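Participant: Mind looking over this structure? Questions follow.
Please treat every number below as a calculation from the coordinates, not as lab data. Owing to the predicted nature of the structure, the values given are computational and were not obtained by experimental measurement. No Cβ is skipped: glycine too gets one built from the backbone with ideal geometry, and neighbour counts run over all protein chains shown.
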Number of protein chains: 4
Amino acid sequence: MLAEFSVVPLGKGESVSQYVAECIKIVEASGLPYRLCPMGTVVEGDYDAVMSVVRGCHMRVMGMASRVITTVKLDDRRDVTGMIDRKIQSVEEKLGKEVKK
Amino acid sequence: MLAEFSVVPLGKGESVSQYVAECIKIVEASGLPYRLCPMGTVVEGDYDAVMSVVRGCHMRVMGMASRVITTVKLDDRRDVTGMIDRKIQSVEEKLGKEVKK
Amino acid sequence: MLAEFSVVPLGKGESVSQYVAECIKIVEASGLPYRLCPMGTVVEGDYDAVMSVVRGCHMRVMGMASRVITTVKLDDRRDVTGMIDRKIQSVEEKLGKEVKK
Amino acid sequence: MLAEFSVVPLGKGESVSQYVAECIKIVEASGLPYRLCPMGTVVEGDYDAVMSVVRGCHMRVMGMASRVITTVKLDDRRDVTGMIDRKIQSVEEKLGKEVKK
């Protein structure tokens with residue numbers, strides 16, 4: 001399963017990079033494959049492993065702010081793994097060329 | 001904490017109401033306050049109670065389809081409950097009138 | 001087409017109801033059918049009418065804050081109108097009873 | 001302004017890469033900076049330029065399917081450009097090391 005998530009505190013100023021940095025520490029500690037994208041972090045793993053990372057990040061930022069907006073988007077395909085790279089490769093195959101990634 | 005979520009199967013036709021109905025059964029069985037909105041279901045409760053409902057819905061629809069896109073948006077305020085009604089009331093107070101809801 | 005959107009300013013404190021109230025004024029001025037839901041505002045209309053409302057709301061809040069996160073989710077069905085009520089009715093028919101809405 | 005968007009047809013099978021490929025053609029024709037991420041496409045530009053690309057992609061996929069779910073998330077900072085690279089750099093500076101991206 002692939003998940004993209006973001007955790008944004010309200011009332012803590014307009015810069016959020018320090019909170020993203022805290023989340024990346026938690027993501028890296030999980031050992032799951034991930035990519036930091038401009039609008040969110042993508043993690044791959046089974047449902048419970050991925051959602052445990054999301055929970056850890058949400059709780060970490062809740063410990064630093066009194067209101068947090070967390071968004072999570074899951075793409076779950078039965079019996080499919082390695083989606084983090086394969087989805088982009090599949091688009092490149094359709095286009096017959098490389099894209100910016 | 002307030003959560004809005006939707007669980008959409010791919011490859012199962014363009015109508016999704018039967019899958020939403022399955023999810024509403026799970027939401028109602030949880031006993032948590034909820035609202036069915038046109039674009040998703042809103043549930044209120046503590047983090048683990050809400051995410052247990054989301055997990056149940058995701059797994060139920062995964063049992064009926066081989067690919068599922070689930071989106072979840074959390075709004076968590078420390079020490080605040082009763083948000084499901086209060087957020088709309090707060091907007092109505094600012095406007096000084098009732099809105100469509 | 002149905003759209004749910006939210007417009008959240010960063011760096012303006014943790015309460016956002018005054019910004020939602022500004023957006024509801026713009027939505028109501030459009031004359032489009034809408035519902036204020038706990039996690040976003042749902043508007044129905046053709047693509048350009050709906051996105052013009054979203055643009056107006058985004059620009060209004062950008063005029064009040066230096067950073068804004070806007071999320072929009074569109075559900076577009078060819079030749080289908082009246083979705084704002086029909087989606088919930090369709091779920092109630094599947095369940096054979098009324099739900100909380 | 002930075003936008004991440006995805007355009008998913010319902011009722012067209014569970015693979016969506018051919019639709020993503022159509023969208024990437026439209027994104028590339030716009031000349032705007034972009035990144036194809038595993039869960040969506042990120043585009044940078046001013047509001048109207050970016051939303052014109054999103055409109056083009058939505059309409060293209062609507063021409064191929066009778067129901068389309070499009071999600072768009074905007075991050076707009078007044079007087080700030082070059083966000084597509086800078087957001088990730090800012091997190092790396094906070095962490096003092098490179099991340100997977």
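Participant: Please go through segment A:83-101 and give me each residue that is assigned to a loop (DSSP other than H, G, I, E, B) and either among the acidic types (Asp, Glu) or touching a residue at least 12 places away in the same chain (Cβ under 8 Å) (or both), ordered by number.
Facilitator: Listed by number, the residues that qualify are A:GLU98, A:LYS101.
Participant: Related question: For B:LYS12, which of the numbered conditions (1) basic (Lys, Arg); (2) outside any strand (DSSP E or B); (3) away from chain D (no Cβ under 14 Å) fails to hold?
Facilitator: The number of the failed condition is (3).
Participant: Related question: Given the criteria crowded, with 22+ Cβ neighbours inside 10 Å and not hydrophobic (A, V, I, L, M, F, W, C), does B:GLU4 qualify?
Facilitator: When the stated conditions are applied, B:GLU4 passes them.
Participant: Within the set of pairs 6 or more residues apart or between chains, which connect a residue that is within 10 Å of another protein chain (Cβ to nearest Cβ) inside segment D:50-63 to a residue that is surrounded by fewer than 17 Cβ atoms within 10 Å (Cβ to Cβ) and outside any helix (DSSP H, G or I) with Cβ atoms less than 8 Å apart?
Facilitator: D:MET62/C:ARG78
Participant: Follow-up. Considering every residue within segment C:69-80, establish whether at least one is away from chain B (no Cβ under 12 Å), touching a residue at least 12 places away in the same chain (Cβ under 8 Å) and surrounded by fewer than 21 Cβ atoms within 10 Å (Cβ to Cβ).
Facilitator: No, segment C:69-80 has no match at all.
Participant: Something else: Residues D:VAL50, D:VAL20, D:VAL16, D:VAL42: which one is β-branched (Val, Ile, Thr), buried (at least 17 other Cβ atoms within 10 Å of the Cβ) and more than 12 Å from the chain's Cα centre (by Cα)?
Facilitator: Answer to the check: D:VAL16.
Participant: Would you check if there is a residue in segment D:12-22 being closer than 14 Å to D:ILE69 by Cα and touching a residue at least 24 places away in the same chain (Cβ under 8 Å)?
Facilitator: yes
Participant: Also, quick follow-up: Which of the residues that make up segment C:15-49 are of a type outside the set (D, E, K, R) and assigned to a loop (DSSP other than H, G, I, E, B)?
Facilitator: C:SER15, C:VAL16, C:GLY31, C:LEU32, C:PRO33, C:PRO38, C:MET39, C:GLY45
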